[in-house]
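Colleague: For reference, the structure I am asking about is given below.
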Amino acid sequence: MDFNLIKLIHVIVVILFLLIYLIKTILLLANNNDGLAKFTKIVKVPEMIISLLFLVTGIYMLTQIGANKLLIIKIIIVLLSIPIAIVGFKKKNKILAVLSLLMIIAAYGLAEMNKKNVEKQTVDPTVGNPNDPNYDIKKHGELVYTAYCQSCHGTEGTNGAGGADLTLSKMNMKAMMEQVKNGSNTMAGFKDVLNEQEITAVVAYVETLKK
Ligand code: HEC
């Protein structure tokens, strides 16, 4: 299955999930108990489908990415927020309802905030010229990798400081291009830093690291 499609579904589902929660919380805060009861009834089935999709896509992505510390914290916060929300709405406790909403938002915000900004590094221009008859895409990719990726993914792609183990990656080249362009969790996207050729080269190099 296409990783990016699953990820897109996950993001859409999270947004819908948050919207439903937000509306419920607003109704609760406004003391609109009738409205809350009505809304809860209307969204009951959609909410079940959304929750299921949220879990399934989340678990699928976890099996593809592998857990890192930040992801685990994010999952724990989300999982903790669910019982708090259930109790909050059942007991019409405004503080608990708002708390659970904030926890879910925080969990997703956390990942975004943690993305480190990347700066342009100089990669030997003679190695990076695809029009050169001696151009070697893997060599070019290795240089880009050493400059931009090694700090997190390690010399052989097997780890380093917090990056996923690239030797075990099940991503295809297309998904990897997207990952490098847009990033995810603590990995920042490189689309503003690396050009298409550099990204293609580094992905070609990462392919050679796979076991
Ligand atoms: C700041 C640390 C960091 C840097 C720098 C970094 N990555 Fe990552 N990378 C990560 C983390 C963390 C993940 C796991 C992402 C997640 O959990 O969503 C990851 C995931 C990946 C994946 C997906 C692996 C999989 O199968 O799930 C690929 C491919 C990847 N990185 C390639 C690169 C390349 C190529 C570069 C250099 C251009 C790079 N990364 C730079 C931290 C980093």
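The values are calculated or read from the model by the stated rules, or taken from the named source; none is laboratory data. Keep in mind the model is a prediction, meaning the values are calculated, not measured. Here Cβ is always computed from backbone atoms with ideal geometry, including for glycine, and neighbour counts include all displayed protein chains. Please note that ligands, DNA and RNA were not included when accessible areas were found on the heavy atoms of the full protein model with its side chains. Shrake-Rupley method; radii C 1.70, N 1.55, O 1.52, S 1.80 Å.
Colleague: Residues Leu53, Leu62: which one is within 15 Å of the ligand (Cβ to nearest atom) and out of contact with any Lys or Arg (no Cβ under 9 Å at 6 or more places or on another chain)?
Modeller: Values: Leu53 fails: within 15 Å of the ligand (Cβ to nearest atom).
Every option except Leu62 fails the conditions.
Colleague: Of the residues that sit in the stretch 124-148 and are in contact with a helix residue (DSSP H, G or I) (Cβ under 7 Å, 6 or more places away or on another chain) and at pLDDT 90 or above, which one is surrounded by the most Cβ atoms within 10 Å (Cβ to Cβ)? I'd like the intermediate steps shown before the answer.
Modeller: Keep residues of the stretch 124-148 that are in contact with a helix residue (DSSP H, G or I) (Cβ under 7 Å, 6 or more places away or on another chain), which gives 124, 127-128, 130, 137-138, 140-142, 144-145.
So of that shortlist, the ones also at pLDDT 90 or above come out as 137-138, 140-142, 144-145.
Values: Ile137: 15, Lys138: 14, His140: 25, Gly141: 26, Glu142: 20, Val144: 28, Tyr145: 22.
Checking each candidate, the answer is Val144.
Colleague: Mind checking which residues of the stretch 52-84 are at pLDDT 90 or above and small (Gly, Ala, Ser)?
Modeller: Result: Ser81, single match.
Colleague: Look at Gly183 and say whether it is more than 8 Å from the ligand (Cβ to nearest atom) and among the small types (Gly, Ala, Ser).
Modeller: Numbers: more than 8 Å from the ligand (Cβ to nearest atom): no; among the small types (Gly, Ala, Ser): yes.
Against the criterion (more than 8 Å from the ligand (Cβ to nearest atom) and among the small types (Gly, Ala, Ser)), Gly183 does not qualify.
Colleague: Now for a different question. Can you work out which of the residues in the stretch 154-179 that are open to solvent by 20 Å² or more (accessible area, probe 1.4 Å) and not in a loop (DSSP other than H, G, I, E, B) is farthest from the ligand (Cβ to nearest atom)?
Modeller: Lys174
Colleague: Same structure, new question: Can you find even one residue in the stretch 73-80 that is open to solvent by 30 Å² or more (accessible area, probe 1.4 Å), of a type in the set (A, V, I, L, M, F, W, C) and under 18 Å from Gly183 (Cα atoms)? Steps first, answer last, please.
Modeller: Taking the stretch 73-80 and keeping what is open to solvent by 30 Å² or more (accessible area, probe 1.4 Å), we get 73-77, 79-80.
Among the residues that remain, those that are also of a type in the set (A, V, I, L, M, F, W, C) are: 73, 75-77, 79-80.
With the extra rule that they be under 18 Å from Gly183 (Cα atoms), the set shrinks to none.
Among the residues of the stretch 73-80, not one is open to solvent by 30 Å² or more (accessible area, probe 1.4 Å), of a type in the set (A, V, I, L, M, F, W, C) and under 18 Å from Gly183 (Cα atoms), which makes the answer no.
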